[in-house]
Amino acid sequence: QVQLVESGGGLVQAGNSLRLSCAASGRRFTDYSMGWFRQAPGKEREFVAGISRSGVSTYLTDSVKGRFTSSRDNARNTVYLQMNSPKPEDTAVYYCAAGRGQSFYTGSNYDYWGPGTQVTVSS
């Protein structure tokens, strides 16, 4: 089992920055690729970012490229989502996830999920 807990969410003004953290515990952190997903009210959950086990490779959905980055600190068992210049349309509950599958982009690739953290971007 892997336990994931997100933190860092809250209310942020458009154009300011916010960093989400996801702390993992349980099994060996470096065995898992990590992903960030989000779900806005009335919408389906969508992929935001993914990062390989080493942290060398990262993947972003097109709508956040140039604004968000994902990183991980394997010594701290933590993955991050740096949100620069957030927009109101980024408002959602953000989830981190851990998995061993091949695809970063699909939720079914991930075995463990955190409870989520709310991010609200005001205009």
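Would you check which residues across the stretch 16-64 are at positive phi and touching a strand residue (DSSP E or B) at 6+ places or on another chain (Cβ under 9 Å) and list them? 26, 55, listed by residue number. The set of residues in the stretch 105-123 being surrounded by 16 or more Cβ atoms within 10 Å (Cβ to Cβ) and over 17 Å from residue 20 (Cα atoms) consists of 107, 109, 110, 112.
Comparison of 85, 52, 57, 70 shows that the only residue that is of a type in the set (Ser, Thr, Tyr) and surrounded by 18 or more Cβ atoms within 10 Å (Cβ to Cβ) is 70. Quick check on my filter: what residues within the stretch 73-82 are surrounded by 17 or more Cβ atoms within 10 Å (Cβ to Cβ) and under 10 Å from the mean Cα position of the chain (by Cα)? 79, 80, 81, listed by residue number.
Only residues that are among the hydroxyl-bearing types (Ser, Thr, Tyr), within 15 Å of residue 39 (Cβ to Cβ) and not in a strand (DSSP E or B) were counted in the stretch 85-104, giving 1. When the residues of the stretch 17-40 are filtered to those that are in contact with a Ser or Thr (Cβ under 8 Å, 6 or more places away or on another chain) and more than 16 Å from residue 111 (Cα to Cα), the one that is most open to solvent (accessible area, probe 1.4 Å) is 17.
Scanning the stretch 92-104 for residues that are open to solvent by less than 60 Å² (accessible area, probe 1.4 Å) and over 22 Å from residue 9 (Cα atoms) returns 99, 101, 103, 104.
Condition check ((1) in contact with a Cys (Cβ under 7 Å, 6 or more places away or on another chain); (2) touching a residue at least 60 places away in the same chain (Cβ under 8 Å)) across all residues:
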residue: 45; (1), (2): no, yes
residue: 52; (1), (2): no, no
residue: 55; (1), (2): no, no
residue: 63; (1), (2): no, no
residue: 72; (1), (2): no, no
residue: 84; (1), (2): no, yes
residue: 91; (1), (2): no, no
residue: 96; (1), (2): yes, yes
residue: 102; (1), (2): no, no
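Among the residues examined, residue 50 does not qualify as among the small types (Gly, Ala, Ser) and over 10 Å from the mean Cα position of the chain (by Cα). The criterion of at least 2 residues that are touching a Pro at 6+ places or on another chain (Cβ under 9 Å) is met, among strands (runs of 3 or more DSSP E) falling completely within the stretch 1-84, by 2-7, 10-13.
The values are calculated or read from the model by the stated rules, or taken from the named source; none is laboratory data. Quantities reported herein were computed from a predicted structural model and do not represent experimental measurements. Neighbour counts are summed over all protein chains in view; Cβ atoms, including those assigned to glycine, are modelled from backbone coordinates with ideal geometry. Side chains included, ligands, DNA and RNA excluded: accessible areas come from the protein's heavy atoms. Shrake-Rupley method; radii C 1.70, N 1.55, O 1.52, S 1.80 Å.
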